[in-house]
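Reviewing the structure listed below.
Laboratory data are not the source of any read-out in this text; all were calculated from the coordinates shown. Since we're looking at a predicted model, the values are computed, not measured. Here the Cβ is made from the backbone with ideal geometry for all residues, glycine too, and neighbour counts use every protein chain on show.
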Amino acid sequence: MSVLATLVTAAQPVPVPAPPAPAATITQPPISYPAIMPILIILGAACVGVLFEAFLPRHNRIAAQLVLSVLAILVAGWRLLSYADEMPETGTITLGRALAVDKPTLVLWATLLVLTIGALILMADRTVERGGYFVADAAVRPGTVQDRAQAGRGEMQTEVFPLALFALGGMMVFCAANDLLTMFIALEVLSLPLYLMCGLARRRRLLSQEAAVKYFLLGAFASAFFLYGLALLYGYAGSVQLSDIANAAAGTNRSETLLFGGLGLLVVGLLFKGSVGPFHTWTPDVYQGAPTPVTAFMGACTKIAAFGGILRVLSVGFGTTSWEWRGVLWGVAIASMVIGAVLGLTQTDVKRMVAYSSVAHAGFLLIGAIVLKPAGLSATLFYLVTYGFTTLATFGVIGLVRNADGEATHLSQWAGLAKRSPLVAGTMAFLLLALAGIPLTSGFVGKFVVFQAALSDGMAPLVVVAVLASAVAAFFYLRVIVLMYFSQPAEDGPTVTIPNLWTTGVLTVCVLVTLFLGIAPSLVLDWTSSGVFALQ
């Protein structure tokens, strides 16, 4: 039997192994390097800045970091201008449809680059505050003997320069993101450096660290809302591409619960980053506690990036469903304008007052964002340009008014400032009038074009509310002007510190741009109205 079993087994055919499956071919997505070169330059320079922190002697870092940062921004700006001449009329979708580089993107990028140079120069100033605005050693506990000793050292944490470049790179990606996953990654890249920078103030360190913790915790909640909304939208459309979501919403009969649930959560995350009321609760505390150059950077650049993302999401991804969500954003815009205008009246701190001013301005910007027409896009982009320069200069001037404890931000300390420093008081008065939207300033033209676009789209009631909110907000701007010019200065009042030549140049340029855009805005208006978002 064993021999027979052996013969039978031997007679059976030997199984032939199946041929190996062909290796999966991975197709590299087409990449337009000229289109994304500005982002690569900024992020590459940020990485080099980290190496500078590791290998350069401490006393050489600030000059090297500032030169590297400004040079990188200038080269990125040059590449941006070079690409603008050769970019297709419809824009470029690149990196596997992850980024859309079109004319609105170039406007936002150029504005971010210019404003970041100004913010970096403010950060590097060490004449206004001895040693700089930033702590010499962030690891020292606040209130200790070592903390009091390091406050007088002529050094500062130079990590703020690569952190600012990383934040700028995240902002640029956020403006150009063509899918929600890329937008989420960019949101984290721009946010995490800002959390750190907010806690590095040389003076009032507990207040600064409290601001950083609040910003981080609330930002984490907002990011969770954004990510949950992204997941719901992926469940609805089967894609995170904005154009695919728009096509699914326009051409399907499936339930829209996931669509509008996801949109609601997504918008919460976006409105938080733009400090739109009632998602603004982080703004006053963070603006007050952060080092003033960081506040200027956030107030100008983060607002531009946030509304750049809001414009793209609403226009490209949800333009076909605007009838369903526009009414909700009407209410959000009204709430933001009313909160900013009314609560701004109650503030006694200049930085908190400007923070609530930014909440009101976010409501005005949201009006332009929900127009969803070329006029609305152009008006909102112009408003962002004007607001960025005015805000940067405003916080730059606030940092100059100081007493023995640091910045003198309480309103009572600004009494009679015109008698102590007529030039600084006049500059601040002009910037406050621009924020109020008084004619012959860029703020007036910005509000005018946004309101005009809204009227052309049938939103007259919203414009009426906006005009009333502007009138209310004008009161707390004028209150500061009256305080500076028509009150007697206290004997122990603050003094105005003379900044270095570079900081003076930044403030001068911002003031001149604010004046120029109020008198002859046509050049920038033509620039902001020269294109629309790429739709692919």
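Helical content alone sets the calculated 222 nm signal of the chain at -22500 deg cm²/dmol, taking -39,500 (n - 2.57) per DSSP H segment of four or more residues and averaging over every residue. Along its principal axes, the chain has C-alpha extents of 119, 60, 42 angstrom, given from the largest down.
Based on the Kirkwood radius over alpha-carbon pairs, what is the Stokes-Einstein translational diffusion coefficient of the range 439-493 at 25 °C with 0.890 mPa s viscosity, in µm²/s? Diffusion coefficient, whole number: 182 µm²/s. Highest-first packing order for the peptide set 264-277, 501-514, 118-131 is 264-277, 118-131, 501-514, based on the mean count of other beta carbon atoms within 10 Å.
Nearest 10 degrees, 0 to 90: what angle lies between the long axis of helix 257-273 and the longest principal axis of the chain (Cα atoms)? In the chain, helix 257-273 runs at an angle near 40 degrees to the longest axis.
Scaling the Cα radius of gyration of the range 80-234 by the globular reference 2.2 N^0.38 Å produces a ratio of 1.27.
What do the square roots of 5 times the Cα gyration tensor eigenvalues come to for the range 166-251, in whole Å, largest first, as semi-axes of the equivalent ellipsoid? Display every interim value, and only then the final one.
Numbers: eigenvalues 219, 37, 8 Å².
Working from the Cα gyration tensor, I get semi-axes of 33, 14, 6 Å.
Divided by 2.2 N^0.38 Å, where N counts the residues, the Cα radius of gyration of the range 425-536 comes to 1.37. Work out the FRET efficiency for Val482 and Arg254 from their Cβ-Cβ distance, taking R0 = 41 Å, and round it to the nearest 0.05. About 0.10, to the nearest 0.05.
How large is the Rg to Rh ratio of the range 355-429 when both quantities use alpha carbon positions and Rh follows Kirkwood? Computed over Cα atoms, the ratio is 1.14. Sorting Ser442, Ser82 by the number of Cβ atoms found within 10 Å of their own Cβ, with the fewest placed first, yields Ser82, Ser442.
Each peptide in 353-365, 204-216, 136-148 gets a packing score, the mean of other Cβ atoms within 10 Å over its residues, and the list from highest to lowest is 353-365, 204-216, 136-148. Between amide H atoms placed 1.01 Å from N, distances below 5 Å from Thr92 occur with Val101, Asp102, all of them 5 or more places distant or on a separate chain. Sorting 293-305, 368-380, 28-40 by average packing, meaning the other beta carbons within 10 Å per residue, from highest down gives 293-305, 368-380, 28-40. Look at the Cα gyration tensor of the range 275-341: its axes a ≥ b ≥ c give a/c of at least 1.5 with a/b at or below b/c, and that counts as oblate. Across the range 204-297, Cα-Cα pairs more than 22 Å apart make up 42 percent of the total. The range 265-292 and the range 479-536 have Cα centres spaced 22 Å apart. Taken over the alpha carbons of the range 28-140 as equal point scatterers, the Debye sum produces base-10 log I(q)/I(0) values at 0.14 Å⁻¹ of -0.68. Here, P(r) means the percent of Cα pairs in each 10 Å bin from 0 to the largest distance; for the range 262-374 it is 15, 47, 28, 9, 1. For a straight C-alpha distance cut-off of 30 angstrom, the lysines reachable from Lys214 (same-chain residues fewer than eight places away being disregarded) are Lys273, Lys303, Lys351. Write out the chymotrypsin sites (Phe, Trp or Tyr not before Pro) in the range 80-189 meeting two conditions: DSSP loop, and at most 11 other Cβ atoms within 10 Å of their Cβ. Those that pass, being in a loop and sparsely packed, number zero. Take every pair of alpha-carbon atoms less than 8 Å apart whose residues are at least six positions apart; their mean separation over the length of the chain yields a relative contact order of 16 percent.
Mean sequence separation of contacting Cα pairs (under 8 Å, at least six apart), scaled by the length of the range 53-124, corresponds to a relative contact order of 35 percent. Taken about its Cα centre, the chain carries a charge dipole of roughly 780 debye when the Cβ of each Lys and Arg holds +1 and the Cβ of each Asp and Glu holds -1.
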